[in-house]
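To keep things clear, I will list the structure first and then write my remarks on it.
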């Protein structure tokens, strides 16, 4: 085939100056295979090297190759019960046509048929020509040697059946694969023939997983994984292993595990399937962007007070204020960051109450009507309001004030002392947040 590429590029003026890389791309072979093939063609005088300047090589077809090829064909026809006939010529033409898609390729056999004047009157080379070419070309004995093995690229694995790929597997495999491919945020598994390595590995992993888990568990795990990828509630980034195909959903590849760094949340895990079957609460805690909500009732009150200051005021002396992010919250609602501020406010409030022994002893350091945390949620807003009134009413607080160290170490104690709920001489506790 290398010969035909050179012949198609050979012209009387410039001849063929194609590189090994170009010919390799045309034939889908390696450059090493092309180099070996060209060396063979030059050695047996099918091709001549016209010139080589260190960078550019020029080749041309040796016009005498027809004579030697006719000699070989004639010898073969004399000794063989099945001489090379038109069927052989047609099959050779079809092979070249399939390879290059070029029906205009000139075959050696056609040239032999068109050049009957070569050699002696019977169409064979005379004795001197015969001896000459026996020294420089293939002999009949040489042709019996094994052909040159070219480093042709290994084709992808094929499937033995003519049926569609999934029909050769159990129904469960089809249901799992179709369920996976319906998810828009998951990488699709190719179902086209021939079967790819990814498809084969995925089927093998499904078989192993079905031996230990039910079909419903696998489908539910796929739904959970899709929710993890599509939701902004989880810390999923462009890290290795965070977004995988079906063949790695059940077990990470060795190369994927090797590239997982210590900062990767998946480092040390077996697969997304083993993580997803542990449930949403586990995923929220390990991969979620939301912090744990210790008291949802208090958190809801904090969100309510942020949007409407009237419930926590209860008296006109409390100056009304709105947070700097109020307009954004009114338009877009509470995102992940705003939700976490509310949950962290609840967490710090509970820790503040625990430090001052609220609800734990008969006489805590702060005297209030109720030790219920839902009652104490309004005190955080009143403490900020008092600080604003004492330092200037033009201040517009930010949401971060709710969780700042100053609010719980200074503003709240000052608020309780201002309203005689705490002794003035009582030192403010330095809580380890």
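Readers should treat all values here as calculations from the given coordinates under stated rules, not as data from a laboratory. If you're wondering where the values come from, they're calculated on a predicted model, not measured in any experiment. Note that we place each Cβ from the backbone using ideal geometry, even for glycine, and neighbour counts take in every protein chain shown.
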| remark: residue 424 and residue 274 label points (each 7 Å along its Cα→Cβ direction) are spaced in nm at 6.5
| query | Which order do 269, 254 fall in if you start with the one that has the fewest other Cβ atoms within 10 Å? | reply | 254, 269
| Let a ≥ b ≥ c be the square roots of the eigenvalues of the Cα gyration tensor of the stretch 1-60; is it rounded (a/c under 1.5), or, if not, prolate (a/b larger than b/c) or oblate? | rounded
| query | In which sequence would 321, 17 go, from the one with the fewest C-beta neighbours within 10 Å to the one with the most? | reply | 17, 321
| Distance in nm between pseudo-label sites at residue 40 and residue 223 (7 Å out along the Cβ direction from Cα) | 6.0
| task | Sort 192-201, 255-264 for me by packing, meaning the mean count of neighbouring Cβ atoms within 10 Å per residue, highest on top. | result | 192-201, 255-264
| remark: From the Cα centre of the stretch 1-52 to that of the stretch 330-383, the distance in Å is 83
| field | Anisotropy class of the stretch 208-283 from Cα gyration tensor, a/c 1.5 cut | value | oblate
| Which of 47, 403, 396 comes first, and how do the rest follow, when ranked by fewest Cβ neighbours within 10 Å? | 396, 403, 47
| field | Protection proxy ranking of 285-295, 370-380 - average other beta-carbon atoms within 10 Å, highest first | value | 370-380, 285-295
